[in-house]
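Shown next, in structure tokens, is the structure this report addresses.
Quick note: the coordinates plus some simple rules give every number you see, no bench work behind them. Please read these numbers as outputs of a predicted model, since none were measured by experiment. Note that we place each Cβ from the backbone using ideal geometry, even for glycine, and neighbour counts take in every protein chain shown.
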Amino acid sequence: MPELTYLQAISDGLRTEMRRDKRVFIIGEDVGVYGGAFKVTLGFQEEFGHWRVIDAPLAETAIVGACTGAAIMGMRPVAEMQFADFISCAWDQLVTVAAKQRYRAGTPVPITVRLPSGGGFSGGPFHSQNPESSFAHIPGLKCVCPATPEDAKGLLISAIEDPNPVLYFEHKHLYRRIKAEVPEERYTVPLGKARVHREGDDVSVITWGAMVYTAEEAAQQLDGDGASVEILDLRTVMPWDKAAVLESARKTSKVLVLHEDTRTGGFGAEIAATIGEEAFEDLDAPVKRIAAPDTPVPFSPPLEKAFIPQVDDVVAGLRELVAY
Amino acid sequence: MATTEAIDVVMPQMGVSVSEGTITKWLKEQGEHVEADEPLLEISTDKVDTEVPSPGSGVLTEILVQEGATVDVGTKLAVIGGEAAEPTSGSEPQAREAPPEPATQAAADASMAAASEGVGDVAPSSQADSAPPREAAGATSNGKTFVSPVVAKIASEHGVDPSQVTGTGRGGRVTKKDILGFIESGAQAPPETPAPAPPPAQPPEPAPAPQPQAAPPPAPAPAAAPATAAQAAPSQPGESFEPMTAMRKGIAEHMRRSLDTSAHVTSAIEVDMSKVTAIRTKLKKEYQENYGVNPTYLIFVARAAAETLREYPWVNGEIRGDQIVTRGYVNLGFAVELQDGKGLIVPVVKNAETLNLLGLAKAVTDIAQRARDKNLLPDEVQGGTFTITNPGGYGTFHGTPVISQPQAAILGTYAVVKRPWVVQDDMGEDVIAIRPIMNLTLTYDHRLVDGALAGRFLRDLREKLETWDEAAY
């Protein structure tokens, strides 16, 4: 198996589907000649031509609107937002039109919107957000947040295959930092299925995206304390794998929900509430959340570091739960 | 290292005769800063509820005795400032030399309903003494050690009492690991079923293992249960249960003991309150405007009783051993119902014989208000020589109160009711008039006070009320 970066795995997944299925095309700002702001679609225009790798104007509404129309007409569009933050411009097309079309008219809208998201590189408030909870809240939309190269490929293919609008949050900080073996052949990773990233008995971390790695580092430190930490990588925030979360919660009875998004109304709140409702009798400690504070993402590197949950924060949280 | 020296907070001596106190509430949490003299905790003794001010400024480093626990006077309750003390050293509540007292005085102290505590926590008094105090964390604000849902579930499935398990969690909390380890090690108490605790007498089903909707977690069986649970009848459908407060227990014990001690006899007399009513109407405005107090019928009766008692020292007396105690003063106790209607306390107006009507009105108003607000000083519920109870507020016209031990008598005042009354007119003829009549009862200990004496006392008391001499009082 070749070793691919997280970014290469996304390219690989997209390329695989575009080669396999003529209905799949990619549209976005600078995805063609330039190969995308992060070079995910580098070489795509050469291979697939400018009708399947479309450079769009700076108009997210138009991009998502075009995808929605094309999907209704039977295509399998993939839209790229240059940064996930810009999705707000396309809110109406996505939330009002795409998410509700199937419900109103019975026509599926199989679009995939790729959203380079997350911080960690001083991108500031417009280029660092993790807006998955906003869309997880909208019935009719699915939200995918891969953490590993293998999942990045398999989940992207599932997203493109899915008959619903799927928001595919790819974490920018993982693009070139994370590298792992990825199967060459085409495969899918089912939406709504979590992955046990690490087995443990004493406390569970429920997380997704880049925070999986933060949790992993923290868990290694806890090993030194003699406490074993289980990490559940949700992989898909909507639909989310409630059964796996509850199973882990029942197993360890202590749960830390960790995400890079801001705290209030973050998707961790939904998870914590569900555990409280459905696994109350199996809890041995209050469910704990670690998330970013409720502010915009700061530019300043030290401030951004204070904003995004760090390994030390997670270690402290885990120790607190273990000691509870 | 902390910069300041640690200051110990100890269970204060609330009145000479009090040897122990129950912590009803910590007003500060461990780790919180507290200023000198800032209220730190609330305690309840068999005398009084009160706040304990902080003996110094600093961080409340350690709470050693939790809410609900009863410990001896002088027991270290918490540490302020300094470093967190080793839990082993100071934490053991040791019986400090509580000044031994004559039995009778001890009895006196347990005066009627004096045990006071807010509603709520059960204070498993004596047992709590020996239990090692837990730290604040992990224990909930009501002083009971927190049992997490999963621990409660496991405990119920295996019929284990979590309090038997050594906790390693925060503040000594029993964790899931602890209880599972306990069960695995077979340290489980002999298969005796968790004694049918009063509420839901459920057999400890061996519960099939992972049952998500297990039976409701059993309440962490109160350690105090055994004694009472032994005689408790099984619960019946439609019954509900609530724990007796320390005050309720105190009242119950005192009432029973009083009836077992004194030979209770009650005599009653009818008093024409016309004169008092007239004076009261006259004084009312002045008293309220100038002094903010109300000259109630009770005050008139109390004033007259204090005066009469000086002439009947035995009614104001006490049997102590084989001696009869009499005094040259009258300390009047007043039974005050607490606001929640679930208890009463008897604050005492000392040297009532030295107060005129206004002085007595002010004293009684003040002390009754503070009794309701739980702001009484310990000494203010002690040392009564005679008690007045006023159940007439609800219209009753007769009753047989229980004597507050070790006093000799208790006076009951009842509703003032307008009645057709036979009086003599100017011509010496009998006519029927409408008069405000109040019944008074004197319930006395016949061991000391004979019926004739009680009758004379009541007669003289009536005389004072019916011929109220404004100049004298």
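At q = 0.23 Å⁻¹, what is the log10 ratio I(q)/I(0) for region A:111-213, with the Debye formula run over Cα points and no solvent? With no solvent term, the Cα-only Debye profile gives -1.36. Listed from fewest to most Cβ neighbours within 10 Å, the set B:Met244, A:Met238 follows the order B:Met244, A:Met238.
Once the Cα-Cα distance is subtracted from the 0.36 nm per residue extended length, the B:Leu27 to B:Ala452 segment shows a gain of 147.6 nm.
Compute the signed sum of charges (Lys and Arg +1, Asp and Glu -1) over the other residues within less than 12 Å, Cβ to Cβ, of B:Glu38.
Result for the neighbourhood of B:Glu38: -3.
Between B:Tyr291 and B:Lys418, the modelled label-to-label distance comes to 2.8 nm, taking each label 7 Å out from Cα in the direction of the beta carbon.
The ranking of B:Arg435, B:Arg419 by Cβ neighbour count inside 10 Å, starting from the fewest, reads B:Arg419, B:Arg435.
Distance between the 7 Å Cα→Cβ label points at A:Asp312 and A:Thr188: 4.5 nm. Would region A:195-323 count as rounded, prolate or oblate if I go by the C-alpha gyration tensor, calling it rounded below 1.5 in a/c and otherwise prolate when a/b exceeds b/c, oblate otherwise? Oblate. With R₀ fixed at 56 Å, the C-beta to C-beta distance from A:Ser300 to A:Glu161 puts the FRET efficiency at about 0.85. Taking each residue as 0.36 nm, the span from B:Ala268 to B:Asp430 lengthens on full extension beyond its C-alpha to C-alpha distance by 55.9 nm.
By other beta-carbon atoms within 10 Å, ranking A:Ile231, B:Ile269 with the fewest at the front produces B:Ile269, A:Ile231.
Net charge of the neighbourhood of A:Arg195, taken over other residues with C-beta under 11 Å away and scored Lys/Arg +1, Asp/Glu -1, is -1. Computed from the C-beta positions of A:Lys242 and A:Arg104, the FRET efficiency with R₀ = 25 Å rounds to 0.35.
Cα extents for chain A along the principal axes, largest to smallest and rounded to whole angstrom: 59, 39, 39.
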